[in-house]
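Every number here is computed from the coordinates shown, using simple stated rules; none is lab data. As the structure is a prediction and not an experimental result, all values here were calculated from the model. With ideal geometry, Cβ positions are generated from the backbone for all residues, glycine too; neighbour counts draw on all protein chains shown.
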Amino acid sequence: MTDSQFPHPQFPDPLFPDSPEAPPGGWPLDHLLARLADLPPLPETRRLPLAEAAGQVLADPLIAPTNQPRFDNSAMDGFAARAADAPTGPLPVVRRILAGQPAGAPLEAGTAVRIMTGAPLPAGADAVAMQEHCRLDGAHVHLPPTLKAGANIRRAGEEFTAGQTALPAGVRLGPAQIGLAAALGVGQLTVRRPVRVAVFATGDELVEPGQPCPEGAIPESNRLTLATLLTGLGCTVKDLGILPDHRETITAALAEAAPEVDLIVTSGGVSVGEADHVRQALTGIGRLGLWKLAIKPGKPLALGRIGHTLFLGLPGNPVSVMVTALMIGRPLVLALQGRQPLEPRRLTLPAAAPIAAKAGRRTFLRARLDNQNRVHALTNQGSAMLSGLAMADGLIDLPADSPPINTTTPLTFLPLPDLLT
Ligand SMILES: Nc1nc2c(c(=O)[nH]1)N[C@H]1C(S)=C(S)[C@@H](COP(=O)(O)OP(=O)(O)OC[C@H]3O[C@@H](n4cnc5c(N)ncnc54)[C@H](O)[C@@H]3O)O[C@H]1N2
Ligand code: MOO
């Protein structure tokens, strides 16, 4: 079996065990997400210096190689002593320990040591008094009499002991995760190879943004929306331009792109119009796994494979493109990255005003939050109106059987920033 025949047309594909034919109204989104959850992550990994690993996905857990902190140390600038000595009167300050210096000899009872934040605690000392709470009297210090054992001390291993998991596999490496690895003294991390995605737009009416538009033409915007979103998710994006509404040209472009990438994303041409050739182009060289989702916007969506390469055909309307890229493209990418969970965070929040809900399809409305976290549905909800998304803080997820929404009905709200990483 050659690579381009995988999965063989006569054998069931584990990702698409059912026929692509959708039940009336389309496939439920949850059905599709359950299938994506079975996608294995990309197997290739590599070890990278921390600065290069930033933004990528951890393939192996980060195991703490040492205790964190490595040694007992002071959390404050002040004086280290035995707490029991604090009420007994001024203590002689016998020496000074700065961060980076060794702790030196054990502290003798009835004495104090000047100590700085991060400096190692000498054996025998069990508390640090903040210098603002102390009074120096020549070479002696008055400690607060209420000083408690353990005060202002960072104990060795209180955050991690050597061998504990500091970060699980599948975590996206943002600033805190990269910083944590560095703090543990780790210089390199094993990350998954970024998901490679090819992006096409299809449509005879499309011209490059910024170029003159002849009558009937419009500027192409979906590729940039998709490339920005996918790059933000950590993918390597190949922009393969605008394809005409011509089946053979689309077929040739898909066949050429497939061996180079893990995923092809197209926009447009997946509905039932006379110029909608994307599904036919796909079935010519690969497999259509599923078509039509029971969501609005985004019903005419196609998912399939060309060889080992996954194919996601998004509807052309610009809002449909972004909503489906967030709700289906993102979990697909996360699955290939080995990230969990695939589903975004769902907040339950009140509506600021009634919302007329149309029964039928699960609907994603664009919305803003006010300072009381009340949800305001935006006015521009058309599938071609990107302005709503451009102003949105998130999406309202309205179930197909939602009653009309009033201000006492709990709403499910998906924060947009969560969906962009
Ligand atoms: N008879 C039916 N017509 C339509 C149906 C249907 O079920 N039956 N579904 C509608 C829905 S819902 C959507 S969404 C669209 C999706 O259709 P396509 O995926 O075939 O998309 P196109 O027809 O190619 O384009 C739709 C719309 O979006 C504009 N567009 C396309 N690509 C871009 C781009 N890259 N940048 C900016 N704008 C783009 C295109 O000009 C059209 O206006 O079908 C409905 N019709
Ligand atoms: O699904 Mo279309 O995406 O409703 O506009």
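Give me the lysines in straight-line cross-link reach of residue 299: C-alpha distance below 28 Å, same-chain residues under 8 apart excluded.
In chain and number order, the partners are 238, 358.
Rounded if a/c is under 1.5, else prolate if a/b is larger than b/c, else oblate: which is region 73-154, with a ≥ b ≥ c the root eigenvalues of its Cα gyration tensor?
Cα axes put region 73-154 in the rounded bin.
Please give the calculated 222 nm ellipticity per residue for the chain, where each DSSP H segment of at least 4 residues contributes -39500 (n - 2.57) and the sum is spread over every residue; nearest 500 deg cm²/dmol?
Theoretical 222 nm ellipticity from helices: -4500 deg cm²/dmol.
Tell me, Kirkwood radius of region 347-419 from alpha-carbon pair distances, in Å?
Radius from the Kirkwood sum: 12.2 Å.
In what sequence do 221, 402 fall when counting other Cβ within 10 Å, fewest first? The partial results should precede the final answer.
On the way: 221 16, 402 19.
Lowest to highest Cβ neighbour count: 221, 402.
Round to the nearest 0.05 the FRET efficiency obtained for residue 101 and residue 75 when R0 = 25 Å and r is the Cβ-Cβ distance.
That gives a FRET efficiency of 0.90.
Take residue 224 and residue 13, extend 7 Å from each Cα along the Cα→Cβ direction, and tell me the distance between the two endpoints in nm.
Once both label points are built, they end up 3.2 nm from each other.
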